[in-house]
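The values are calculated or read from the model by the stated rules, or taken from the named source; none is laboratory data. What you see is a predicted model; the values in this text were computed from it and never measured. Neighbour counts run over all protein chains shown; Cβ positions are idealised from the backbone, glycine included. Protein only, heavy atoms only, side chains kept; ligands, DNA and RNA dropped before computing areas. Shrake-Rupley method; radii C 1.70, N 1.55, O 1.52, S 1.80 Å.
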Amino acid sequence: MTATIDTGLSKASRSDVAEALTKVLADSFAVYLKTHGYHWNIRGPEFFGFHNLLEQQYRDIWAALDEIAERIRALGVLAPQSFSGFGNLTSIKDGDPEKEALPMLKELMQDHETLIATARAAFEVAQDAGDEASADLVTQRLAAHEKFAWMLRSTLGGR
């Protein structure tokens with residue numbers, strides 16, 4: 001049995017928004033994996049502070065992954081679920097556990113900035129489609145990733 005989706009959004013609009021959210025999901029998953037990996041592998045005299053900062057961030061991203069995927073499903077589209085699926089969609093490169101702490105943090109800051117750009121593009125698609133729920137979700141993620149980028153930038157000594 002196939003149920004009809006009638007949420008006030010056209011099938012084309014739902015598809016467009018879901019496609020944009022799928023890119024947000026893929027970039028978020030990649031940043032999550034890298035942040036968690038760097039959390040495990042960071043080392044040096046400031047280990048404890050960096051380790052805790054990254055834990056705070058990866059826990060937030062992990063919770064958000066479910067929210068994003070469930071929104072994609074609410075739009076009537078299947079969410080990606082494989083590493084290769086995410087890998088084909090993301091703009092984020094894999095991390096290198098051999099890096100020193102500060103280059104790890106700088107790379108994560110840049111990855112959050114990439115994710116912010118992906119989320120801003122998704123926001124525009126959701127807004128153009130009149131999809132307030134998706135736009136709200138993306139707005140929340142924008143705020144989180146802007147904060148994470150700022151925290152990393154400040155940790156690195158930037159403004």
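Quick look at the numbers
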item: Accessible-area composition of the stretch 59-159, carbon plus sulfur, in percent [1.4 Å probe]; result: 51 percent
item: Percentage relative contact order, the chain, counting C-alpha pairs under 8 Å, at least six apart; result: 32 percent
item: Alpha-carbon Debye profile of the stretch 35-152, log10 I(q)/I(0) at 0.10, 0.15, 0.22, 0.24 Å⁻¹; result: -0.34, -0.73, -1.35, -1.49
item: Cβ-derived FRET efficiency at R0 25 Å, Trp150 paired with Ala121, nearest 0.05; result: 0.75
item: Overall Cα dimensions of the stretch 117-157, principal axis frame, Å, largest first; result: 40, 14, 7
item: Accessible surface, per residue, of the chain when the full set of protein chains is kept, probe 1.4 Å, Å²; result: 56 Å²
item: Glu19-Glu46 FRET efficiency (beta carbon distance; Förster radius 30 Å; 0.05 resolution); result: 0.15
